[in-house]
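Report on the following structure.
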Amino acid sequence: MTDGKTALAELMEISSQIETVVLFGADGEVVASTLPDQRAKQVAASAKALFEEAGRAGMGELTHLEAVTGDGSLFVVREGDLLAAASTGSEPTAGLIFYDLKACLRKAAEKPAPKPKPRAKPKAGAKPKTTRSKDSGKS
Amino acid sequence: MGSRRLFAIGLAVGSLLGIGLYARRGRGSNERIDLYFADGSLTSIDGGASEAARLVAQARDILRAARQ
């Protein structure tokens, strides 16, 4: 798994509308956050409960939500086993926030690229390979 | 003269009250919760509806906790 903190740092760099973000697992465990630990845990637990309760209000599987309040908006997005809860000010560009949060979650869940295998060293007694040029057989 | 002044003060106070009430009403009516589902459907529930009121209140608490 890619470092959630790296994904979060990139998100905060590209999005000027997001104030705070908490990335957490489906079990409620905080993966990365812009908040201090205790508050991140509190926000993750509450956002998880809100997402589950909101999911019961519809017929299908809930993927993301936006709660618009007089104090600003709260976004909760799920991507696989990871969730993100983000706060913004009033009247944010919801489509852009959802896109950025989903991209961040995907990045956080990415498996690191496998390290390139070291090239095998030539054996001590092995003959070095020679290449023949086209002209070498002629004349 | 006194009655004109009283009328002007009353008008000013009334206007301020009206603006305050309008702003408060506008703020309340904007509250809602938008739910997006895996099949692409969207359900928007007005904050005044009983089912959304609790969710919006919960969201407000989370926003407050995040901004402390």
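The values are calculated or read from the model by the stated rules, or taken from the named source; none is laboratory data. Because the structure is predicted, anything quoted here is derived from the model rather than measured. Don't worry about glycine lacking a Cβ; one is built from the backbone with ideal geometry, like all the others, and counts go over all protein chains shown.
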| said: Criterion first (at pLDDT 95 or above, part of a helix (DSSP H, G or I) and surrounded by 10 or more Cβ atoms within 10 Å (Cβ to Cβ)) does residue A:84 satisfy it? | reply: no
| said: Is it the case, given these coordinates, that residue B:9 is modelled with pLDDT under 90, of a type in the set (Val, Ile, Thr) and assigned to a helix (DSSP H, G or I)? | reply: yes
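Could you please let me know if residue A:74 is outside any strand (DSSP E or B), modelled with pLDDT of 95 or more and out of contact with any His (no Cβ under 6 Å at 6 or more places or on another chain)?
So residue A:74 does not fit the description; no.
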| task | Can you confirm whether segment A:35-54 contains a residue that is exposed (fewer than 15 other Cβ atoms within 10 Å of the Cβ), in a loop (DSSP other than H, G, I, E, B) and either touching a residue at least 40 places away in the same chain (Cβ under 8 Å) or more than 10 Å from chain B (Cβ to nearest Cβ) (or both)? | result | no
| Does residue A:125 meet the test of being farther than 20 Å from residue A:15 by Cα, surrounded by 10 or more Cβ atoms within 10 Å (Cβ to Cβ) and either among the hydroxyl-bearing types (Ser, Thr, Tyr) or at pLDDT below 95 (or both)? | no
| field | Selected residue (criterion: farthest from residue A:12 (Cα to Cα)) from residues of segment A:63-92 that are in contact with a Phe, Trp or Tyr (Cβ under 6 Å, 6 or more places away or on another chain) and facing another protein chain (nearest Cβ under 7 Å) | value | A:63
| message | Yes or no: segment A:16-31 includes at least one residue that is assigned to a helix (DSSP H, G or I), facing chain B (nearest Cβ under 7 Å) and either within 25 Å of residue B:44 (Cβ to Cβ) or without any contact (Cβ under 8 Å) to a residue 12 or more places away in the chain (or both). | response | no
| So which residues in segment A:87-118 are free of Cβ contacts under 8 Å to residues at least 60 places away in the same chain and in a loop (DSSP other than H, G, I, E, B)? | A:90, A:91, A:113, A:114, A:115, A:116, A:117, A:118
